[in-house]
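These notes concern the structure reproduced below.
The values are calculated or read from the model by the stated rules, or taken from the named source; none is laboratory data. All of these numbers come straight from a predicted model, not from anything done at the bench. Surface accessibility is based on the protein's heavy atoms, side chains included, excluding ligands, DNA and RNA. Shrake-Rupley method; radii C 1.70, N 1.55, O 1.52, S 1.80 Å.
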Amino acid sequence: LNGEIKRRTDVVGIFPNDAAAVRLVGAILLEQSDEWATQRARYMILETIGAISDTAPVSLPALAS
């Protein structure tokens, strides 16, 4: 992701102001988020990770009041 941001900002070279850079990086992040959402099968969900984990679930002690 960082490499893609660097590649696209290098193409632009010089930004007229900070807002222009933020808009470009925001657009790249939105595009990547959409791509990740449509390719969900590539990523493991927490339930899957929990099912294959060989460690016992961890519970935290209650805070003393």
Residues that are open to solvent by 90 Å² or more (accessible area, probe 1.4 Å), of a type in the set (A, V, I, L, M) and assigned to a loop (DSSP other than H, G, I, E, B), drawn from the range 1-41: ILE14
Can we say ALA56 is small (Gly, Ala, Ser), modelled with pLDDT of 90 or more, over 14 Å from the mean Cα position of the chain (by Cα) and open to solvent by less than 80 Å² (accessible area, probe 1.4 Å)? no
